[in-house]
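Worksheet for the structure shown next.
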Amino acid sequence: MVTHPDLVPTLGARRAVIAYLAVFGAVLLLMMALGLLMRLNQGALVTLPPEIFYQSMTVHGTGMVGVASIGGAAVLWYFLGRYVRLTTWVFVLNLLTFTVGAAMILFADFVGGFAAAWTFLFPLPAKAGGQWEQWAAMVHLGGLLLIGTGFLLFHLDTARAILGRYGSLTRALGWPSLFGNDPEPPPPTIVASTMVLIVNTMGLVFGASVLVISLINLVVPQFTIDALIAKNMIYFFGHVFINATIYMAVIVVYELLPEYTGRPWKPNRPFLAAWTLSTVLVMVAYPHHLLMDFGMPHWLLILGQIVSYVSGLPILVVTAFGALMIVYRSGLRWDLAAGLLFIGVFGWAAGVVPAIIDATIIVNSVMHNTLWVPGHFHTYLLLGQVAMVLGFVAWTGKTRASQLFNALAFWIFVAGGIGLTQSFLYAGRLGIPRRFAEYLPEWIGQARIGAFSAALVVIGTVMLVGPLFIRLNRAMAVR
Amino acid sequence: MAEILNLIPSFRRIAMGAGLFLVLAAPSLREVLEQDMTRHMLIQLPFLVLAGWLLIPAAAASCRFVVIWDRFGIAGILTANLAAAYWMLPRSLDNAIALPVFEIAKFISLPLLVGVPLGCCWPRMPMLGKGFVMANVVSMLGIAGWLYLAAPVRVCVFYLSDQQEAVGRLLLCLAGAISLAVLFCAFVGFRPSAARTA
């Protein structure tokens, strides 16, 4: 059993990781700019034509999921490569398919006018009501399929490498230590990567299936699918995929906090049990996205509510508790990377709370179509997942920027993030609907607070990822 | 499955393959299998492929010709896919029933152009390739199942709509069963030596 990192990434591998982070930074900023534009429009500070708003919303939603997964993949690949031999060309191929797929989506949405949101719910892509043409929907869905194919190859390569070294997924999840007496469990990175490859492969297979079905429907409209089955497949894929981005990113916490504090993060039974439990629960919890669909079997909705209460909690608890224990009285010298990692764990933990509230059927029936939900996922993605990946960026680059600059960048990003997410949650509490391009006068105030906060987030992110672009070569050399 | 087949001595494999082929070609069994769309698609066609796979000795996968012409199993899997794709068309099934020449073509092409290339390429494919093929098989079986269920018309002249729907349901079940089997294999165990060759 491999329990300690014994492999050193090659120069090519490090260059590939930096290329991922560069794409992550660039696309993240572009998507943030679109988000800012939408909030400005809702706050009546700029005027966007409605079709541009919904095209921007589609690109923003799809692009942010994609960029979170690219950032997470960079983290996973870099640290997993310390334990098992991965294939660099597969990693690079995934970045290429992502880049081409993202370009296809941008073209389909902004040139072709496709604006069916990230959810591309059947049969909306084929019934555009004159808003976009068939080719635009096909290019958008084709771009998604291409990105999914790249990620499937990426996870198959991690599966090959993990199985090659650990023999089975159960051993890689640490079951001999969890259920037996093996004193040497696999490291957290292996456990997390194994969980991610299991759930994401399942999600991608379902996602690819529903994308191909939608494409066939676009060409031959007589071939239809039950809209509710299609929605189940889409949300299973989407729910699993976006959650997996956090489980990929959290690996940086497991790897770097021990480096900072000098205290190893050794998996114990609760840790292994939590990851095994979440492997199953994250796939079963997706019906909480469909609590408003009256056609769903009631037992599935009840299951969705109950499982949602415990789905992400096991991993979150062991990670948050572990992070606190590792940092407590460790004499840790805080820097930009350590701060971002810590805020990432906070954002993840804080973002789960509104999710659990919304997963309660009686609450969901009044809150789900409000800004409460964007409040939830912006908290655990922006202040959680993205903060963790930005922590990785900061650690990789180890910039020469002054402490004051780093502190400013950190606090501007955090203040903006909290302001943005709280404005969403507060608006949700007031019952302001989501996905509306135009607001009533009484909603505009909180939208302006959100826009101001979003501007801070963009400034903070520019300050955080800017040094990476300035010193790309140096970033490749130092780690 | 492939590993189990490779454990069988060569002469037994070939004998089993030839025997299976002859049994499938027996007129009475052929008629029984082709009377029903499910039996035709999900029993006769896969067993013809299996017969071809068995006809190739395990050592053939490592012979010089195959190694040169079928690097990483790419040529083999492409040949098998292209040949199999033709027999996935509903019209091909109709032709096989209506015209003897198509029936003969089916009995030759499925073992020789699908089974034999698969038998040669599968043991030599990297695990990444095998995983990609399996993931595609699962999603495409699911999509084919949906197509048969959603088709607004009868896709085969010789088979009724209820048989078509039964095939659709069985294809979906097959996709689920293969997923579970792959997950079971990955969870229970894997030979590290096989993975390192990738």
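Numbers at a glance
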item: The one condition in (1) outside any loop (DSSP other than H, G, I, E, B); (2) of a type outside the set (Ser, Thr, Tyr); (3) surrounded by fewer than 20 Cβ atoms within 10 Å (Cβ to Cβ) that residue A:239 fails to fulfil; result: (3)
item: Lone qualifier among A:291, A:313, A:300, A:272 - being at pLDDT 90 or above and out of contact with any Ser or Thr (no Cβ under 8 Å at 6 or more places or on another chain); result: A:300
item: Candidate set: region A:276-331, residues that are in a helix (DSSP H, G or I) and hydroxyl-bearing (Ser, Thr, Tyr); chosen: the one farthest from residue A:194 (Cα to Cα); result: A:309
item: Criterion violated by residue B:44 - all others in (1) modelled with pLDDT of 95 or more; (2) surrounded by 12 or more Cβ atoms within 10 Å (Cβ to Cβ); (3) of a type outside the set (Gly, Ala, Ser); (4) more than 16 Å from the chain's Cα centre (by Cα) satisfied; result: (4)
item: Single condition residue A:222 does not satisfy, out of (1) assigned to a helix (DSSP H, G or I); (2) within 11 Å of another protein chain (Cβ to nearest Cβ); result: (1)
item: Answer from A:67, A:90 - the residue that is within 14 Å of chain B (Cβ to nearest Cβ), assigned to a helix (DSSP H, G or I) and among the β-branched types (Val, Ile, Thr); result: A:90
item: Residues that are among the β-branched types (Val, Ile, Thr), farther than 19 Å from residue A:375 by Cα and either surrounded by fewer than 24 Cβ atoms within 10 Å (Cβ to Cβ) or in contact with a Pro (Cβ under 9 Å, 6 or more places away or on another chain) (or both), drawn from region A:19-70; result: A:23, A:27, A:46, A:47, A:52
item: Helices (runs of 4 or more DSSP H) fully within region B:63-112 counting 3 or more residues that are over 14 Å from residue B:34 (Cβ atoms), over 19 Å from the mean Cα position of the chain (by Cα) and of a type outside the set (Val, Ile, Thr); result: B:64-69
item: Breaking point among (1) part of a helix (DSSP H, G or I); (2) without any contact (Cβ under 8 Å) to a residue 24 or more places away in the chain; (3) of a type in the set (S, T, N, Q), for residue A:194; result: (2)
item: Every residue from region A:67-92 that is among the hydroxyl-bearing types (Ser, Thr, Tyr) and under 13 Å from the mean Cα position of the chain (by Cα); result: A:69
item: Sole exception among (1) surrounded by fewer than 17 Cβ atoms within 10 Å (Cβ to Cβ); (2) at the interface with another protein chain (Cβ under 10 Å from one of its Cβ atoms) for residue B:104, by number; result: (2)
item: Qualifying position, being within 14 Å of chain A (Cβ to nearest Cβ), more than 25 Å from residue A:217 (Cβ to Cβ) and among the β-branched types (Val, Ile, Thr), among B:133, B:116, B:153, B:138; result: B:133
item: The lone exception for residue A:217 - which of (1) more than 12 Å from chain B (Cβ to nearest Cβ); (2) part of a helix (DSSP H, G or I); (3) over 18 Å from residue A:319 (Cβ atoms) it fails; result: (1)
item: Single condition residue A:166 does not satisfy, out of (1) within 9 Å of chain B (Cβ to nearest Cβ); (2) within 30 Å of residue A:217 (Cα to Cα); (3) not small (Gly, Ala, Ser); result: (2)
item: Residues within region A:308-342 that are more than 15 Å from residue A:258 (Cβ to Cβ) and within 20 Å of the chain's Cα centre (by Cα), tallied; result: 13
item: So residue A:122, is it within 12 Å of chain B (Cβ to nearest Cβ), within 20 Å of the chain's Cα centre (by Cα) and touching a residue at least 24 places away in the same chain (Cβ under 8 Å); result: no
item: Wholly enclosed helices (runs of 4 or more DSSP H) of region A:360-439 bearing at least 3 residues crowded, with 24+ Cβ neighbours inside 10 Å and at pLDDT 95 or above; result: A:372-378, A:387-397, A:403-430
item: Yes/no for residue A:136 being buried (at least 18 other Cβ atoms within 10 Å of the Cβ), more than 26 Å from residue B:134 (Cα to Cα) and of a type outside the set (S, T, N, Q); result: yes
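One line per residue, one yes/no per condition, for (1) under 21 Å from residue A:71 (Cα atoms); (2) within 14 Å of another protein chain (Cβ to nearest Cβ):
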| position | (1), (2) |
| --- | --- |
| A:141 | no, yes |
| A:149 | yes, yes |
| A:156 | yes, yes |
| A:178 | no, yes |
| A:189 | yes, no |
| A:203 | yes, yes |
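The values are calculated or read from the model by the stated rules, or taken from the named source; none is laboratory data. Not measured: the values here are computed from a predicted model. All Cβ positions, glycine included, derive from the backbone under ideal geometry; neighbour counts span all protein chains shown.
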